[in-house]
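Quick notes on the structure that follows.
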Amino acid sequence: MLELLLADARTPTGGFAHSGGLEAARATPGDVPAFAAARLRTVGRLDAATAARAADGEDPLALDAAWAARTPAPAVREVARRQGRALLRLGRALWPDALETYAATSATTPRPVVLGLLGRAGCLAPVTVARLALYDDAASVCGAAPKLHAIDALEATGWLHALGPLVEALAAQAADPRAPLPAPATPLLDLRAQAHHHDSRRLFAS
């Protein structure tokens, strides 16, 4: 049940306000599947591995620092920390008996770390948490496409479904405790995020 709840776009964590950089990229509808896949292999993989390690019991403060060191764009860090606050609020409301799990968190803990802690509180396996992180990343991109372009939401759902095998493969990699934490380089995505952050005409927060 917890896995379904955390994957549900109706769960109040603010995900509807984010496009995963799709708006800033000014991508055409035909570009969306490749854009989403590229995100999954880079920032998505980092977030998934961070969440999986948090679910596996690693120190949240150390993970926060490691994630931040691999996320150079201030705008991206700010968005992830804002989403982390919303997710932490949800966790504290739904699972108050797991408050000890959240003891090391704060208002600046990024979403991947908080997601992993919620997974730990709900006894989810690290690979499940990694899959959730990756699914959410892809769903944010695909879900934003119909709001930016005149396309059928059914088409966007098809793109998300087609990304399933990639999500599964990356989740297995992210949950491998022997693998180092990924350090992807996404300079164009970072530059666009910074410009988007200051764009008063934007539809999405990211």
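Restricting attention to the range 133-162, which residues are over 15 Å from the mean Cα position of the chain (by Cα) and either outside any helix (DSSP H, G or I) or among the polar types (S, T, N, Q) (or both)? Before the answer, list the steps.
As a first pass, look at the range 133-162 and keep what is over 15 Å from the mean Cα position of the chain (by Cα): 145-159, 161-162.
Those that are over 15 Å from the mean Cα position of the chain (by Cα) and either outside any helix (DSSP H, G or I) or among the polar types (S, T, N, Q) (or both): His149, Ala150, Ile151, Asp152, Thr157.
Are any of the residues in the range 148-161 without any contact (Cβ under 8 Å) to a residue 60 or more places away in the chain, open to solvent by 30 Å² or more (accessible area, probe 1.4 Å) and among the hydroxyl-bearing types (Ser, Thr, Tyr)? Yes, that holds for at least one residue.
Against the definition (at pLDDT 90 or above and either assigned to a helix (DSSP H, G or I) or touching a strand residue (DSSP E or B) at 6+ places or on another chain (Cβ under 7 Å) (or both)), how does Ala172 come out, yes or no? Yes.
Return the residue satisfying two criteria in turn: it lies in the range 28-45 and is free of Cβ contacts under 8 Å to residues at least 40 places away in the same chain and of a type in the set (A, V, I, L, M), and of such residues it is surrounded by the most Cβ atoms within 10 Å (Cβ to Cβ).
Filtering the range 28-45 down to residues free of Cβ contacts under 8 Å to residues at least 40 places away in the same chain leaves 30-31, 34, 38.
Among the residues that remain, those that are also of a type in the set (A, V, I, L, M) are: 34, 38.
On the way: Ala34: 11, Ala38: 18.
Step by step, filter the range 28-45, then rank; the result is Ala38.
Taken over the range 46-75, the criterion of being crowded, with 23+ Cβ neighbours inside 10 Å, of a type outside the set (S, T, N, Q) and closer than 21 Å to Thr186 by Cα is satisfied by Asp47, Ala48, Ala49, Ala51, Leu63, Asp64, Trp67. Close Cβ contacts (under 7 Å, 6 or more residues apart or on different chains) running from residues in the range 170-182 that are without any contact (Cβ under 8 Å) to a residue 60 or more places away in the chain and within 11 Å of Val129 (Cα to Cα) to residues that are surrounded by 12 or more Cβ atoms within 10 Å (Cβ to Cβ) and not β-branched (Val, Ile, Thr) are absent.
The values are calculated or read from the model by the stated rules, or taken from the named source; none is laboratory data. Computed from a predicted structure; not experimentally measured. A quick note on method: Cβ atoms are made from the backbone with ideal geometry, for glycine too, and the neighbour counts reach across all protein chains shown. Heavy atoms of the whole protein, side chains included, go into the accessibility calculation; ligands, DNA and RNA do not. Shrake-Rupley method; radii C 1.70, N 1.55, O 1.52, S 1.80 Å.
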